[in-house]
1. How large is Rg over Rh for the stretch 321-403, taking Rg from the Cα atoms and Rh as the Kirkwood inverse mean of 1/r across Cα pairs?
2. Which is the longest run of the chain containing none of the trypsin sites (Lys or Arg not before Pro) found in DSSP loop states (not H, G, I, E, B) with at most 15 other C-beta atoms within 10 Å?
3. Under 12 Å between alpha carbons, and skipping anything fewer than 8 positions from Lys385 in its own chain: which aspartates and glutamates qualify?
4. Would you grab the residues whose amide H sits under 5 Å from the one on His299? Only those 5+ places off in sequence or on another chain, please, with H modelled 1.01 Å from N.
5. Report the calculated FRET efficiency for Ala341 and Glu276 (r = Cβ-Cβ distance, R0 = 41 Å), to the nearest 0.05.
6. Measure off 7 Å from each Cα along the Cα-to-Cβ vector at Asp253 and Asn422, then give the distance between these two points in nanometres to one decimal.
7. Stretch Val292-Asp72 to full length: gain in nm at 0.36 nm per residue minus the Cα-Cα span?
8. Find the percent of Cα-Cα distances in the stretch 155-235 that exceed 23 Å, and round it to a whole number.
Amino acid sequence: MELYQLTAHEARDLLRRGDISATELTRAVLQRITAVEPRVKAYITLTPEVALAQAAEADKRFAEARRAGTVDQLPDLLGIPLAVKDVISTAGIRTTCASKILDDYVPPYDATAVVRLREQGAVIVGKTNTDEFAMGWSTENSAFGPSHNPWDLSRVPGGSSGGNAAALAADATIIAIGSDTGGSVRQPAAFCNLVALRPTYGRVSRFGLVAFASSLDQIGPMTKDVTDAALVYQAIAGHDPKDSTSVNRPVEDVMSELGREVKGLRVGVPKEYFGEGIDPNVARVVRQALSVLEDLGAHLEEISLPLTQHSIPVYYIIAPAEASANLARYDGVRYGYRAEASTLWEQYKRTRGQGFGPEVKRRIILGTYALSAGYYDAYYLRAQKVRTLIRREYEKAFEQVDVIAGPVTPVLPWPIGWAMENPVQAYLTDLLTISQAIAGVPAMAVPAGFWDDLPVGLQLVGRPFDEPTLFRLAYAYEQATGWGKRRPATL
Ligand code: GLN
């Protein structure tokens, strides 16, 4: 086994024993990146100097702790290579949002999630590709070109956190953090045989996450297994006074959930998650996964979430409306790309016209329209009302069941180019990941097997702040099946 193939917890054990050094591990991952990157294109910016300096620092901490006999008290992620989605601010490291408009933007501060991972001693190897401003499903909307799915290089790795997914599946990082506004950590995890968690809204600070749709955005872990997801979650979760929507409530110890019994857990299976638009092959694989949960002692119950079908129209009003406001700041005056022009108005127009890609423009126009005086009530206000109903529908379902389970996404990873020609069809593929964001509930993606050698994900949805139960069930399922251990043969 090569060092770059390790999970974070495996690497932690070797580092603590002194069998490997953080510098060796980091070098191994950097070399792996060099080897696979021409085919996978997971990264926008690589940071080998930062990484090697942080690794040397980590090795110093290991050496000191070893002398003091306190190695077991070191943070779990000390010396572990980390990829950061390029919509998450990193002090001194270019953060582009995969947009021409921020091509040369270097943030003066770190996102809180990055601060916390740096404090643990995680080693930043680079900034990963994404759809522009996280708007998309495939990284095809990136100004830097698409990433490739290591399971089939002619297909997309999902999105918008597709760079993370491609990097993890190619063993070109050990752990990653992404953002999820309507599925962007879960869907790419499903497309690339990985684990990802969208935490409860407010659980992880959004400070330093470049805003797309603020009432929906959450940062979450993307990893090779459930244990690593728990380690990253534990590191980044918790209150942050710099984000007024971050919730002040202690973070449970999710590590102690791993290995606990799942017997008697009530798992609801919404019939709408297996209805129209779901690829029957995806449904087949996920049904098989559900029967494993049953074998583990969980009680499956068919439930109904009839409002699921309205989640796409609600999301595609609310998210663009918030985006149109959030993206108003890119005007070429204060920072980022600036087009030359003789009047201020022309400068705004040209900067935004040249700086933003087509999908971002589409959403700014849609959102501005939905918020305009004459249409506000008909679209935005109405969407907000349906949002409340969707949230209530989940609340009611969770009176009856502990977890809701189904597919992550209705489709298998598609060939690069498809979403570009079929943007509306692509919107519809968000069907199963959007309602959880609208309701603010946590949701996890776990590898569930394959169809035609392409990965399929199982989604587990929980009550607000009940990440512990998701980790418990996901871990039990992972241990019973081991799908996540498979690695693509293409590289
Ligand atoms: N696919 C959804 C969109 O394009 C979700 C993206 C995300 O979660 N960032 O908006």
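1. Values: Rg = 18.7 Å, Rh = 15.4 Å.
Ratio of gyration radius to Kirkwood radius: 1.22.
2. On the way: sites that count: Lys242, Arg260, Lys263, Arg334, Arg486.
Answer from the scan: 1-241.
3. Asp377
4. Amide H neighbours of His299, under 5 Å, 5+ apart: Gly264, Leu265, Arg266, Val267.
5. Working: r = 49 Å, r/R0 = 1.19.
Given R0 = 41 Å and the Cβ-Cβ separation, E is 0.25.
6. Taking the simple label geometry, Asp253 and Asn422 are separated by 4.9 nm.
7. Values: separation 220, 0.36 × 220 = 79.20 nm, distance 3.51 nm.
Contour length minus Cα-Cα distance gives 75.7 nm.
8. Numbers: 423 of 3240 pairs.
I get 13 percent for the Cα pairs in the stretch 155-235 exceeding 23 Å.
Each reported figure results from applying straightforward, stated rules to the coordinates on display, with no laboratory input. Keep in mind it's a predicted model, so treat the numbers as computed, not measured. Neighbour counts run over all protein chains shown; Cβ positions are idealised from the backbone, glycine included.
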